[in-house]
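As structure tokens, the structure follows; a few thoughts come after it.
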Amino acid sequence: MQGLIMDVPLLTSMIVKHAAAWHGDVEIVTHRVEGDMHRYTYADAYKRMCRLANALKRMGIEQGDRVGTMAWTTYRHFELYYGIGGSGAVIHTINPRLFPDQIVYIINHAKDRVMFIDTTWVEMMEGLQDQCPTIEKFVILCDSGKMPKTSLRNAVCYEDLLAAEDDTFDWPEFDEKTAVALCYTSGTTGNPKGVLYTHRAMVLHAIAGTSSDHPLCIDSRTILLPAVSMFHVHGWMVPYAAPISGTKLVLPGPHMHGDNICRLLEEEKVTVTAGVPTIWIGVLEHLKKTGAKLPHLKICNIGGSAPSLAMIKAFEEDYGVAVVHAWGMTELSAAGTTGRLRQRHQDLPADERYKVQQTQGRPLFGFEVKIVDLDGTRLPHDGKAVGQMFVRGPWVAAAYFEDDAATEASFDAEGWFGTGDMASISPDGLVRVSDRSKDLIKSGGEWISSIDLENYALTHPDVVEAAAIAVKHPKWEERPLLVVVPRPGAEVTPDNIRAVLAEHVAKWWLPDDIVFVEEIPHTATGKISKKDLRENFADYRWPAASLEK
Ligand code: AMP
């Protein structure tokens with residue numbers, strides 16, 4: 001027997017229609033690419049989305065056509081999410097920090113017909129456009145009369161395009177399983193892989209994003225600064241979740257350095273922020289240098305990689321800001337777990353609570369998780385057994401876009417997605433990611449977690465950033481090498497870092513060597529690039545003391 005409830009398809013256009021109707025006066029503030037500040041409301045944004053949808057129709061963009069974006073976290077990119085997706089086309093958010101040959105690969109693989117591009121990357125695309133024949137037109141995201149001189153194919157100005165259109169649009173209704181967005185993984189091995197999201201998945205995940213237990217921690221009273229790129233995993237769902245709850249948005253554009261972020265946090269009285277640890281290293285350094293405080297900020301949501309204990313403590317003890325840790329992936333549409341503390345964890349002594357906050361948290365509703373050994377046998381949730389994490393849920397990819405080989409390699413016989421992350425799960429459901437499977441260090445047949453070594457190294461007050469990698473060893477197969485960025489001017493030595501590590505890990509985990517560098521390479525999404533680091537140290541040779549062990 002079927003129920004008697006309306007069968008209204010879950011489409012992203014409902015989100016902005018709702019925001020315009022019921023949160024129309026709520027502000028969206030942007031630190032623009034041009035350098036100045038821009039302010040308008042959800043109601044203003046909605047009208048411009050309508051203009052954009054009309055413009056796309058005029059260009060002949062049809063349902064299912066892919067439309068690329070190369071844009072920062074700004075009001076214009078926000079408009080593109082809905083103008084493109086809501087009208088039935090597919091927004092392909094491109095990470096411009098990928099290598100040029102990867103950018104060419106994903107544009108051709110996606111068959112993007114139009115490209116909306118910030119001025120930052122115009123020159124780069126001028127050099128690549130001949131290799132991207134599917135792009136018929138480039139739309140430059142700039143003010144009228146401010147078009148850069150460019151050889152980009154059929155280039156037009158975004159503001160001119162919108163000005164010529166009507167500010168009402170009849171958003172089409174279609175099957176909720178229709179594709180709305182396409183995002184490629186950073187592709188640390190092989191070509192990037194495409195994840196093609198449905199309207200249904202985006203709306204469901206966005207609704208989850210407004211739950212008070214979700215790591216975004218937003219509601220209609222929140223002022224949110226997402227220090228995340230809108231070209232990376234839907235800007236952590238912010239563009240879809242914030243309009244549902246009428247959250248005020250403060251968008252940093254390309255200005256993601258510590259000083260800029262701190263200025264916005266202060267001036268806009270931001271209450272919640274989100275970003276990867278690299279961003280917060282910059283923010284905390286800036287605060288330390290200037291002596292500034294964070295009087296308005298209550299919550300900092302950290303994900304993308306694990307925040308160190310030192311970072312969690314600094315936020316809480318020096319600035320009164322609670323860190324909410326989360327774990328997610330491109331293939332998961334954004335988040336899979338939440339570090340929002342349960343009541344029983346809230347009242348723990350600080351040191352115990354920090355241990356909970358260092359885990360990736362517990363699975364969100366609707367999201368199933370299992371850990372398995374190399375044979376695919378499920379492992380117990382005892383907080384000790386470590387296995388590869390497989391997941392399943394209504395916003396998890398079911399396959400990669402037109403890539404059978406990658407699909408074949410990533411899904412098990414039950415259809416669960418293999419994340420490539422190694423984790424344990426505690427009896428009370430806390431997931432603890434110990435490493436990417438390919439970053440674990442295998443010493444004498446036993447595993448060493450590179451993430452643990454890095455986190456403990458970061459408890460040393462003069463270590464700004466740390467990365468542990470495996471280096472081949474003639475006796476032990478692999479041994480850990482720790483690469484450290486020291487605080488400028490600090491007197492830090494391998495021995496005093498080793499002494500700090502020895503307080504936390506077994507002796508055989510201690511790195512055989514610690515090397516100091518000025519900078520550690522990062523991926524296009526701001527994480528430490530172990531691949532580049534391994535390449536940089538390809539010719540590294542162990543000191544004699546290590547070889548004699
Ligand atoms: P991406 O698809 O680029 O967002 O990368 C997803 C990967 O980032 C995951 O598979 C993890 O390896 C890593 N990751 C994301 N969040 C965390 C976290 N909180 N702690 C540790 N690793 C994380």
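Below, the figures for the structure above:
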{"quantity": "Hz values of 3J(HN,Hα) by residue in region 310-318 - Karplus curve (6.51, -1.76, 1.60), Gly and Pro given as x", "calculated": "4, 5, 4, 5, 4, 4, 6, 7, 8"}
{"quantity": "Given charges at beta-carbon only (K, R positive; D, E negative), |dipole| of region 226-365 in Debye", "calculated": "260"}
{"quantity": "Rounded Å value of the spacing that divides the Cα centres of region 364-420 and region 512-528", "calculated": "29"}
{"quantity": "Cα gyration tensor, region 1-95 - rounded (a/c under 1.5), prolate or oblate", "calculated": "oblate"}
{"quantity": "Gain upon complete extension [residue 266, residue 428; 0.36 nm per residue less C-alpha separation]", "calculated": "54.6 nm"}
{"quantity": "Counting DSSP beta bridges with both ends in region 402-549, the antiparallel % (nearest 5)", "calculated": "85"}
{"quantity": "Cα centroid of region 93-120 to Cα centroid of region 443-486, whole Å", "calculated": "35"}
{"quantity": "Distance violations [Cα-Cα > 29 Å] among 293/355; 111/177; 146/269; 313/530; 288/442; 177/269", "calculated": "146/269; 288/442; 177/269"}
{"quantity": "GluC sites (Glu not before Pro) within region 442-537, DSSP loop, no more than 14 other Cβ atoms inside 10 Å", "calculated": "491, 503, 518, 519"}
{"quantity": "Relative packing of peptides 92-103, 228-239 - highest average C-beta neighbours within 10 Å first", "calculated": "228-239, 92-103"}
{"quantity": "Length-normalised contact order of the chain in % [C-alpha pairs under 8 Å, at least 6 apart]", "calculated": "10"}
{"quantity": "Within region 315-404, trypsin sites (Lys or Arg not before Pro) in DSSP loop having at most 14 other beta-carbon neighbours inside 10 Å", "calculated": "342, 384"}
{"quantity": "P(r) of the chain over all Cα-Cα pairs, binned every 10 Å from zero, in whole percent", "calculated": "3, 17, 28, 27, 16, 6, 1, 0"}
{"quantity": "DSSP-defined antiparallel bridges as percent of all bridges, the chain, nearest 5", "calculated": "55"}
{"quantity": "Nearest 10 degrees, 0 to 90: helix 199-208 Cα axis against the chain principal axis", "calculated": "60"}
{"quantity": "Positive-pole candidate from 315, 102, 271, dipole of region 12-365, charges at beta carbon", "calculated": "315"}
{"quantity": "Amide H partners (placed H, <5 Å) of residue 73, local residues excluded", "calculated": "230, 253"}
{"quantity": "Whole-Hz ³J(HN,Hα) from phi, Karplus 6.51 cos²θ - 1.76 cosθ + 1.60, for region 263-278, glycine and proline x", "calculated": "4, 5, 4, 6, 5, 9, 6, 5, 9, 9, 9, 8, x, 7, x, 4"}
{"quantity": "Assigned charges on the beta-carbon of Lys, Arg, Asp, Glu; the chain dipole about Cα centre (debye)", "calculated": "480"}
{"quantity": "Per DSSP, loop GluC sites (Glu not before Pro) in region 324-426 with at most 16 further Cβ within 10 Å", "calculated": "402, 414"}
{"quantity": "Value of [θ]222 nm, deg cm²/dmol, for the chain, DSSP H segments ≥ 4, -39500 (n - 2.57) each, nearest 500", "calculated": "-8500 deg cm²/dmol"}
{"quantity": "Alpha carbon centroid spacing (whole Å) that separates region 19-92 from region 131-164", "calculated": "16"}
{"quantity": "Residue-by-residue Karplus 3J(HN,Hα) for region 426-440, coefficients 6.51, -1.76, 1.60, Hz, glycine and proline x", "calculated": "7, x, 9, x, 8, 8, 10, 7, 9, 4, 6, 4, 7, 9, 4"}
{"quantity": "Nearest-20 debye value, region 111-150 charge dipole, Cβ charges on Lys, Arg, Asp, Glu", "calculated": "120"}
{"quantity": "Amide H within-cut-off set for residue 522, under 5 Å, with H built and near neighbours excluded", "calculated": "529"}
{"quantity": "Per-selection Kirkwood Rh - region 202-258 (Cα, Å, 1 d.p.)", "calculated": "11.5"}
{"quantity": "Taking the convex hull of Cα positions in region 439-547, its mean projected area over all directions (nm²)", "calculated": "6.7"}
{"quantity": "Interchain or long-range residues, amide H under 5 Å from residue 92's placed H", "calculated": "67, 68, 69, 182"}
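Each value in this text was obtained by applying a stated rule to the coordinates, not by laboratory testing. Here the structure is a predicted model, which is why all the values come from computation and not from measurement. Counting neighbours? That spans all protein chains shown, and the Cβs are built from the backbone with ideal geometry, glycine included.
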